[in-house]
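To start, the structure under review is shown below, and the notes come after it.
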Amino acid sequence: MISDFDQMVADNFGKWCGKWTSKGRAFDGSETRYHRLHCKTWQCDYCAPRRAAAYAKAIAEAAEQHRLTRFVTLTLDPKKIGATAGHSCKYLRRCFNKFRVYLGRKFGHSIKYVAVLEFHKSGIAHLHLIVDEYIEWQWLKNAWEAVGGGSHVDIRARKDQHRIAKYLAKYLTKEFGLNGENKCPRGQRRVTCSRGITLLRRLGKHHTWRVLKQSIRWTFGRRCAVASNLEFDQFELIKAFVVKREDSRKLKPDSASYGSWVE
Ligand SMILES: [Zn+2]
């Protein structure tokens, strides 16, 4: 029989989301962290808004740190591709890769940018970028067309990096559209950036991580007597906890203090 907990996970998370646990042991052995493992896809109702919020914050920080003050829009000409969202994404990436070579030649170095992939109602992909260089509109238009892009390009300068980042992040939270075609195809990264810019840092780089094919609730149940730093989500389901070395010594498999969570 499916438990209330499993039902809640099934209702709120994507197919593979939240089912398993990642376990991270600190290099120095001081603690072991347990996190509920999420799918982190844009198709997941739980992960997509969280990812968007995390990116919005990271983009604002990067914009300020790297002075990304110009907002650029690059679109495609549907006649040149005439394809579904999946195809237009790949096509757009190819154009953008060539375009970056053009930019590198023009400026003599690679420019810094953060790019967000977005979709028109028609499902055709386009890019919004913030960059650290001023690019003349005519050059931008010519270069973008030369690499196979559409004729609609835009660049505008904004003094306030915070607002520009907000503007860019807005595209991440926007609904993609009404039909499946407008959804971001799987495997396509919605946010990319130039080298030297780090947007989302990986958590716990001082730990070695592995996946436990068991729910965090079960994992916690076995360790509730020694767990600390408990974190819960808005459904009040446990999403993370820590077992410190000094506490784990108290954990003896056959003692009464061993977790006695009843499923
Ligand atoms: Zn998810």
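The values are calculated or read from the model by the stated rules, or taken from the named source; none is laboratory data. Just so it is clear, the structure is predicted and the values come from calculations on it, not from any experiment. Here the Cβ is made from the backbone with ideal geometry for all residues, glycine too, and neighbour counts use every protein chain on show.
Taking (1) closer than 30 Å to Lys166 by Cα; (2) hydrophobic (A, V, I, L, M, F, W, C); (3) within 9 Å of the ligand (Cβ to nearest atom) in turn, Trp16 satisfies each apart from (1).
Residues that are within 16 Å of the ligand (Cβ to nearest atom) and crowded, with 18+ Cβ neighbours inside 10 Å number at least 1 in the following helices (runs of 4 or more DSSP H) confined to region 34-129: 47-66.
Residue by residue, here is whether (1) more than 18 Å from the chain's Cα centre (by Cα); (2) not aliphatic (A, V, I, L, M) holds:
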site: Ser194; (1), (2): no, yes
site: Arg202; (1), (2): no, yes
site: Trp209; (1), (2): yes, yes
site: Lys213; (1), (2): yes, yes
site: Thr219; (1), (2): yes, yes
site: Ala225; (1), (2): yes, no
site: Asn229; (1), (2): yes, yes
site: Ile238; (1), (2): yes, no
site: Glu246; (1), (2): yes, yes
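In region 22-42, the residues that are modelled with pLDDT of 90 or more reach residues that are more than 16 Å from the ligand (Cβ to nearest atom) and of a type in the set (A, V, I, L, M, F, W, C) with C-beta atoms within less than 6 angstrom, at least six apart or across chains, in these pairs: Ser22/Trp209; Lys23/Leu212; Gly24/Trp209; Glu31/Val242; Thr32/Val243; Arg33/Val242; Tyr34/Phe241. Screening region 131-159 for residues that are within 18 Å of Leu68 (Cα to Cα) and assigned to a helix (DSSP H, G or I) and picking the one that is nearest to the chain's Cα centre (by Cα) gives Leu140.
Might you let me know whether region 47-62 holds any residue that is in contact (Cβ under 8 Å) with a residue 40 or more places away in the chain, of a type outside the set (Ser, Thr, Tyr) and more than 17 Å from Lys170 (Cα to Cα)? No, region 47-62 contains no residue that is in contact (Cβ under 8 Å) with a residue 40 or more places away in the chain, of a type outside the set (Ser, Thr, Tyr) and more than 17 Å from Lys170 (Cα to Cα).
With a requirement of 1 or more residues that are at pLDDT 90 or above, surrounded by 15 or more Cβ atoms within 10 Å (Cβ to Cβ) and among the hydroxyl-bearing types (Ser, Thr, Tyr), the strands (runs of 3 or more DSSP E) lying completely within region 176-263 that satisfy it span 191-193. Against the conditions (1) closer than 26 Å to Trp218 by Cβ; (2) more than 21 Å from the chain's Cα centre (by Cα); (3) among the hydroxyl-bearing types (Ser, Thr, Tyr), Ser22 satisfies every one except (2).
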